[in-house]
């Protein structure tokens, strides 16, 4: 029995509550988990899905990253009386290093009239009730639904409800806000173009709703909201960014900016389905987060005119404004086979990138039914992929060879590091604009690596500092995900 199997056996052998208490002991005994961490942006890391770095390729294709779904999905069930229909779930997830906890805020719809009647008092929006629920986990697998004593249901406040009447809600932790009462922020809508915001010191106790300014468009220009509204503080921009929906006959992704979370620019469309897709396949929602030197978005594609399923694709942007889908039509998190827990719809999380033990953790909502009606349950699930593994260039043929040439880049004096899967194959790099850095002089990478330093016989990459160069990657039976240590050249620096 390997260490992973031993941990799984131990977890199954005890109750949920005991597992939550003794999870740290299991980690120390079996040595399988390091502390999770949030991945900060890196201005010198370039994902190969970024078309700005690609001059040309030969014999290669861009493919979505490969995710591995947790064997114990779904992570928990809708097993509380007030969890009437978790619907789209709209998971909002972060890892709090100070509290050593994963935190999840998720949407609950009360669709059945007898359950709505148990709200204290009953209030409906779009003819259904709405709760925002809260769960925590020490290990990301075993989750606790704490009894918070905040919101009444069926004569009791012994539940994990943190807010009510908050449809389509996004929650995020904003640790850089100097106002301690605004460390957590919420944005949601109570109808088309009726967005609301609330603040919290701890993500549990929330202020009264406020109406933000600027998010209502003039008549005839479309409606905002009615999607997974999500926001974050953009360190590079020095502003808050909101991703919402703009509806003009079809669903489109819209974006807005704010300096104070109260006053916003008018939302503008930043992504929509292609002309060929039209209203048949629509961009339903897109949680966004910074990664490396770009922005990534999980774009949910709603097949509105066919089977009404929802697929999760990946999109990227250099600035948060201009967006492109990565491998359009190919899911990033594939739906399960017919009848599986996530065979109908997948809704990806809002929140920062989380890493643990060399893997990215993607907590998503999986539903076995299509996007149809209020009464459906979308349960929390987990998928993992390798660090930087969002998309890769790989040979067109299995075990084949191909080359990838970059646009002009500026060496910074740091090593050239690569993230690649080359076990059973090889990866070499040449510097096209400097002597002594030919493919023949490169020590090949022949294993799966993350941020591995490239080396050449008789050449020191750091000596190229300040020079404008191009790189040529040779892949033989290998995948290239990212490289770091250079800056994008300005137009004046480009060759």
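The values are calculated or read from the model by the stated rules, or taken from the named source; none is laboratory data. Note that the structure is a prediction, hence the values are computed from the model and not measured. We place every Cβ from the backbone using ideal geometry, glycine too, and count neighbours over all the protein chains shown.
Below, the figures for the structure above:
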read-out	value
Only one of 227, 166, 244 that is part of a strand (DSSP E or B) and under 25 Å from the mean Cα position of the chain (by Cα)	244
Entirely in the stretch 442-495, the strands (runs of 3 or more DSSP E) that have 1 or more residues that are over 15 Å from residue 418 (Cβ atoms)	486-488
Every pair of residues 6+ apart whose Cβ atoms lie under 7 Å, when the first sits in the stretch 20-48 and is at pLDDT 95 or above while the second is assigned to a helix (DSSP H, G or I)	46/53
Unique match (being crowded, with 16+ Cβ neighbours inside 10 Å and either in the same structural domain as residue 299 (by TED's automatic domain parsing) or modelled with pLDDT under 95 (or both)) among 174, 208, 202	174
Extreme residue, nearest to residue 386 (Cα to Cα), among residues of the stretch 433-443 that are surrounded by fewer than 16 Cβ atoms within 10 Å (Cβ to Cβ), in contact with a strand residue (DSSP E or B) (Cβ under 8 Å, 6 or more places away or on another chain) and at pLDDT 95 or above	443
Boolean, residue 278 is out of contact with any helix residue (DSSP H, G or I) (no Cβ under 8 Å at 6 or more places or on another chain), modelled with pLDDT under 95 and in the same structural domain as residue 220 (by TED's automatic domain parsing)	yes
Residue check for residue 160: farther than 30 Å from residue 239 by Cβ, in contact with a helix residue (DSSP H, G or I) (Cβ under 8 Å, 6 or more places away or on another chain) and touching a residue at least 60 places away in the same chain (Cβ under 8 Å)	no
Verdict on residue 149 being farther than 21 Å from residue 120 by Cα and in a loop (DSSP other than H, G, I, E, B)	no
Breaking point among (1) touching a residue at least 12 places away in the same chain (Cβ under 8 Å); (2) surrounded by fewer than 23 Cβ atoms within 10 Å (Cβ to Cβ); (3) out of contact with any strand residue (DSSP E or B) (no Cβ under 6 Å at 6 or more places or on another chain), for residue 73	(3)
Exclusive hit being crowded, with 19+ Cβ neighbours inside 10 Å, over 17 Å from the mean Cα position of the chain (by Cα) and assigned by TED's automatic domain parsing to the domain that holds residue 108, set 376, 335	376
Conditions (1) more than 27 Å from residue 398 (Cα to Cα); (2) free of Cβ contacts under 8 Å to residues at least 40 places away in the same chain; number of the one not met by residue 462	(2)
Matching residues in the stretch 79-96 - criterion: being touching a strand residue (DSSP E or B) at 6+ places or on another chain (Cβ under 7 Å) and over 26 Å from residue 308 (Cβ atoms)	82, 94, 95, 96
The listed residue being in contact with a strand residue (DSSP E or B) (Cβ under 9 Å, 6 or more places away or on another chain), surrounded by fewer than 17 Cβ atoms within 10 Å (Cβ to Cβ) and within 16 Å of residue 319 (Cβ to Cβ), out of 255, 236	236
Output for the stretch 261-276, where each listed residue is in a loop (DSSP other than H, G, I, E, B) and surrounded by 12 or more Cβ atoms within 10 Å (Cβ to Cβ)	261, 262, 265, 266, 267, 272, 273
Selected residue (only one of 347, 295, 302 is crowded, with 21+ Cβ neighbours inside 10 Å and either closer than 17 Å to residue 278 by Cα or not assigned by TED's automatic domain parsing to the domain that holds residue 251 (or both))	302
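Results for (1) farther than 22 Å from residue 171 by Cα; (2) part of a strand (DSSP E or B), shown as yes or no for each residue.
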{"residue": "82", "(1), (2)": "no, no"}
{"residue": "89", "(1), (2)": "no, no"}
{"residue": "95", "(1), (2)": "no, yes"}
{"residue": "98", "(1), (2)": "no, no"}
{"residue": "105", "(1), (2)": "no, yes"}
{"residue": "115", "(1), (2)": "yes, no"}
{"residue": "121", "(1), (2)": "yes, no"}
{"residue": "130", "(1), (2)": "no, yes"}
